[in-house]
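Below: the structure, in structure tokens.
The values are calculated or read from the model by the stated rules, or taken from the named source; none is laboratory data. None of these values were measured; they are calculated from a predicted model. Every residue, glycine among them, receives a Cβ derived from its backbone with ideal geometry; neighbour counts consider all protein chains shown. For the accessible areas, the whole protein counts, side chains as well, though only heavy atoms, and no ligand, DNA or RNA atoms are used. Shrake-Rupley method; radii C 1.70, N 1.55, O 1.52, S 1.80 Å.
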Amino acid sequence: MCGIVAYIGQQEAYPILIKGLRRLEYRGYDSAGVAMMNGKLNVYKKKGKVDELVNFAENQDKTGTIGIAHTRWATHGEPNDKNAHPHAAEGEKLTIVHNGIIENYEVLKKALLKQGHIFKSDTDTEVLAHLIGEIKEREQLPIEEAVRLALNKVIGAYAIVVLDSDEPDKLVAARKSSPLVLGIGENEFFLASDASPIVEYTKKVVYINDEEIVVATKDGNFNLRNLRNEETEPRFHYLDMQIEMLEKEGYDYFMLKEIFQQPRSVADCMRGRLNAEKNWILLNDVENNLEKFLHANRIIFIGCGTSWHAGLVAEYLFEDIARIPVEVEYASEFRYRNPVIREGDIVIPISQSGETADTLAAIELAKQKGAFVYGVVNVVGSSIARTAHAGSYIHAGPEIGVASTKAFTGQLTLLTMMALYLGHRKGTISNDHYHRLLVEFSKIPDKIRQVLDYDKEIQAIAQQVRNAQNALYLGRGYNFPVALEGALKLKEISYIHAEGYPAAEMKHGPIALIDALMPVIVIATNKSAYEKIVSNIQEVKARRGVVIAIVTEGDQQIRRMADFVIEIPEVEEIFAPLISAVPLQLLAYHIAVMRGCNVDQLVI
Ligand code: GLU
């Protein structure tokens, strides 16, 4: 995820681009860059926030009425000056900004290297720039045709804008699975990842569709074509939103937006790494260290808060599927307690930001004791990503809401891929079983979407329980860590005291607290322990507790017993947390908002 802005028209481009980048910084902020054309192409790019770029470009030539700009959230290559966009090709004549991931960039890069291309960055984007340049030069084509042919060779997600100094009165842009909006002014055009950089100049926009290419020219014309070179009809929209709302894409809070982004962020995590049809998972760094994983004595997951909960789910996954012994540790405890680490131990730190101080210290300790450290991190180039021996990114995009939501499901997605891959390689699951699981796994983004459709029902339940002082969350097996996560979400943003428990532990203490004022949220989707969960619900009802049950669609038995039910689609138990976490995020969100809490900020 990142922000793109571009301008072509009669005004100076630079101020428009910079203002636009500032509005898009919420989409990505690890580096920024601009390119303006005024007889000559001037490109400035800098690691850090937009302010760093502005300082850097202060005394440079920034003139020109056509330009492109980018604020990056790295996926390929750490955040630094050289990896910042725009990326150039064709002897610096052509530049491009890109939001997304080119999945087949390695294959394309190999072919381009053979043809003599020299790359200056580690990004997938630069490969696309060279591919466009190569096709344009070789076939002597107009830039839009070179872009079209190049995009036909690309697998992945992109929103791009291309500026070619051979055709300086033209911008070419395209998208697939990443957003792009065209703003139409008087003899001027704007392109951006969302409408926030555009709205103050014009209200008339076209939302570019997947696999559409737009060409906008200085004389005030534009046209749209698809990747098959057929002309498509623009559908005009008229903006009537506030800028702040645009950043939140119409959601009241970033947290809600991020909850609703999960079908996409989970799919992004799988992008280029999982192919159910062809029956493979590919995680480069796991593959590169396969011997270590196959012969691991045990894996120790370390994390804090939500990431620790993801580690608990991983314990079930790795033991169940890959038969590797697992321990899960709070980073803050691990680092201070002289843990026993032996050769053959793998330590997997999990962190959204990649900067969590306790987790970083725990990694240092694990490294000193000789462990192999494999990071699972969201922020590319973060300290944990750099300190770990190897690792995988979850590609969830920036998480702005204080309560982690899409990072949690991203962590679960990545860890599930790892466990399945290792189980398959170790032979602890059969090929047939593996295939069935991959098919099911690839449907998870759609199933999350189905859960999000129940938002209104969940809101109505929130209304009923919003005044509670305490809440109890119960789950078993794979759903036990989800119960902990549900409770954490509620206390973190609504300031209601909440506890998560393994359902069977309820009778060893917490049951004494249950009365008619106590909502008990039971995750009751496990087929394997269904009757036991039913008994737990009966125990709660016997004490007049208010039961909110998360059940599998069509469940009638629990519906008859519970006060409220939230139905979620049926999934294999190993994928349950990816689905059952979502209604709990929504429940916590709605309760918090109804209590007047600002869910995007932590008040300490
Ligand atoms: N994959 C590109 C990169 O790593 C674009 C990432 C983005 O969307 O910001 O540079």
Completion exercise
Under the Karplus relation with 6.51, -1.76 and 1.60 and θ = phi - 60°, whole-Hz ³J(HN,Hα) for region 193-200, x at Gly and Pro, equal 5, 9, 7, 4, x, 9, 4, 7
Problem - Fraction in percent of alpha-carbon pairs per bin - 5 Å, region 356-414 - result: 4, 19, 26, 24, 17, 8, 3, 0
Completion exercise
With the 8 Å Cα cutoff and a minimum separation of six or more residues, the chain has a relative contact order in percent of 10
Problem - Virtual spin-label span in nm between residue 515 and residue 166, 7 Å along Cα→Cβ - result: 8.0
Completion exercise
Taking a crude spin-label model, label points 7 Å out from Cα along the C-beta direction, the residue 598 to residue 82 distance in nm is 4.2
Fill in the blank from the handout: Taking 42-49, 404-411, 201-208 and ranking on average Cβ neighbours within 10 Å, highest first, one gets 404-411, 42-49, 201-208
Problem - Values of log10 I(q)/I(0), in the order q = 0.15, 0.21, 0.23 Å⁻¹, for region 1-115 under a Debye, Cα-only, solvent-free model - result: -0.62, -1.12, -1.29
Completion exercise
Rounded to 0.05, the calculated FRET efficiency for the beta carbons of residue 443 and residue 323 at R₀ = 22 Å is 0.30
Fill in the blank from the handout: Restricting to Cα pairs under 8 Å and 6 or more apart, the percent relative contact order of region 125-261 works out to 18
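Using the beta-carbon distance between residue 430 and residue 114 and R0 = 35 Å, what value does 1/(1 + (r/R0)^6) give for FRET efficiency, to the nearest 0.05?
On the way: r = 40 Å, r/R0 = 1.14.
Efficiency computed from Cβ-Cβ geometry: 0.30.
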Exercise for the section: Can you check how the C-alpha radius of gyration of region 250-306 compares to 2.2 N^0.38 Å, as a plain ratio? Expected result: 1.63
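Quickly rank 282-291, 265-274 as a protection proxy: mean count of other C-beta atoms within 10 Å, highest first.
Details: 282-291: 14.1, 265-274: 21.7.
Those peptides, ordered most packed to least, come out 265-274, 282-291.
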Handout entry: Å² per residue, accessible surface of region 186-235 at 1.4 Å
Key = 46
Handout entry: Fraction of accessible area attributable to carbon and sulfur, the chain (%, probe 1.4 Å)
Key = 47
Fill in the blank from the handout: Over the chain, the sum of -39500 (n - 2.57) across DSSP H runs of at least four, divided by residue number and rounded to 500 deg cm²/dmol, gives at 222 nm -11500 deg cm²/dmol
Completion exercise
Checked against the positive end of the charge dipole of the chain (+1 on Cβ of Lys and Arg, -1 on Cβ of Asp and Glu, about the Cα centre), the farthest of 362, 57, 28 is 362
Handout entry: Relative frequency of Cα-Cα separations exceeding 39 Å in the chain, percent
Key = 33
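With every protein chain present, what is the per residue accessible area of region 359-490 (1.4 Å probe, Å²)?
Ligands and nucleic acids excluded, the result is 32 Å² per residue.
Hey, what D do you get for region 356-461 in µm²/s if you plug the Kirkwood alpha-carbon radius into Stokes-Einstein at 10 °C and 1.306 mPa s?
Details: Rh = 16.4 Å.
Answer, rounded: 97 µm²/s.
Sorted by mean Cβ packing within 10 Å, highest first, what order do the peptides 55-66, 513-524 take? Write out the running numbers ahead of the final one.
Working: 55-66: 16.2, 513-524: 21.9.
Output ranking for 55-66, 513-524: 513-524, 55-66.
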Problem - Whole-Hz couplings from phi, Karplus 6.51/-1.76/1.60, listed for region 572-587; x for Gly and Pro - result: 4, 4, 5, 9, 3, x, 5, 9, 6, 5, 5, x, 6, 4, 5, 4
Exercise for the section: Would you mind computing, in nm to one decimal, how far apart the modelled labels at residue 60 and residue 337 are, each placed 7 Å from Cα along Cα→Cβ? Expected result: 5.1
Completion exercise
In whole percents, the bins of 5 Å from zero upward hold the Cα-Cα pairs of region 417-494 as 3, 11, 13, 16, 19, 13, 9, 8, 5, 2, 0
